[in-house]
Amino acid sequence: MSTNIEFEGKVLEINEKNILKKLGEQKAKFIGEYTQKRYVFNTIPFSENRWVRLRSNGEKTTLAVKEIGDDSVSGTSEWEINVSDFEETLEILKKIGIKPKGYQENRRIEYLMNNCQITLDFWPKIPVYLEIEGKNESEVYDCAEKLGIDKKDITGMNTTKIYKKYGIDLDRIEDLRF
């Protein structure tokens, strides 16, 4: 079985205008701006560090399992497939007994720079943060450096832990919207 390591770093409490300026200076390619909707599910058996996510940005819909090993840039594994229909996939999951534990929305601005996916993620109730995803840790750190971000400011924390940092228990919020 492959590990499907996701190489992704987050930078919290960014200055949005400064990051957008630096992305322009680096000639990053604008990919799009999306409102993402997602349902999250517990796994069977339940695991604190693993969950299922059904997500759509209006153009692409995916079903994924995420598993957290640690909070490093390479600490998350992800298995993801494309699915053709958000609502129909939700219905299939419900029919086999997998009920969502919550619904979430966020807004995302996406760029491509030096083979890295760079996103500004806007979530309700917390400050905007930056995600940098690459094919390996080196790509993530190289892109961060080009954006003027120090390696020590990069975390691999998942969204649930980021919310906890701000005193919010995301697991207790069944419906998270702007």
Could you calculate the contour length gain from residue 29 to residue 87, that is, 0.36 nm times the residue separation minus the distance between their Cα atoms, to one decimal place in nm? 17.8 nm
Over 28 Å between Cα atoms, which of 27/151; 27/165; 99/152; 21/151 qualify? 27/165; 99/152
Could you compute the FRET efficiency for residue 101 and residue 135, with r as their C-beta to C-beta distance and R0 at 25 Å, rounded to 0.05? 0.20
Per-peptide average of other Cβ atoms within 10 Å, ordering 96-104, 62-70 highest first: 62-70, 96-104
Would you mind checking the tilt of helix 16-25 against the longest principal axis of the Cα atoms of the chain, expressed as 0 to 90 degrees and rounded to 10? 60
Hey, what angle do you get for helix 86-95 against the long axis of the chain, alpha-carbon based, 0 to 90 degrees rounded to 10? 40
Give the aspartates and glutamates reachable from residue 101 as a straight Cα distance under 12 Å; neighbours fewer than 8 places away on the same chain don't count. 171, 174, 175
Output ³J(HN,Hα) for segment 122-127: one whole-Hz value per residue in order, computed from phi by the Karplus curve 6.51 cos²θ - 1.76 cosθ + 1.60 with θ = phi - 60°, and x for Gly and Pro. 10, 10, x, 6, 9, x
Report the residues of segment 99-116 in range of a label on residue 164: point 7 Å along Cα→C-beta, backbone N strictly under 13 Å from it. none
Spatially proximal aspartates and glutamates relative to residue 60 (Cα-Cα < 16 Å; intrachain offsets below 8 disregarded): 33, 80, 85, 87, 88, 105, 110
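Taken together, the values in this text are just the output of simple stated rules run on the coordinates, not laboratory data. Note that the structure is predicted; figures quoted are calculated from it, not measured. With ideal geometry, Cβ positions are generated from the backbone for all residues, glycine too; neighbour counts draw on all protein chains shown.
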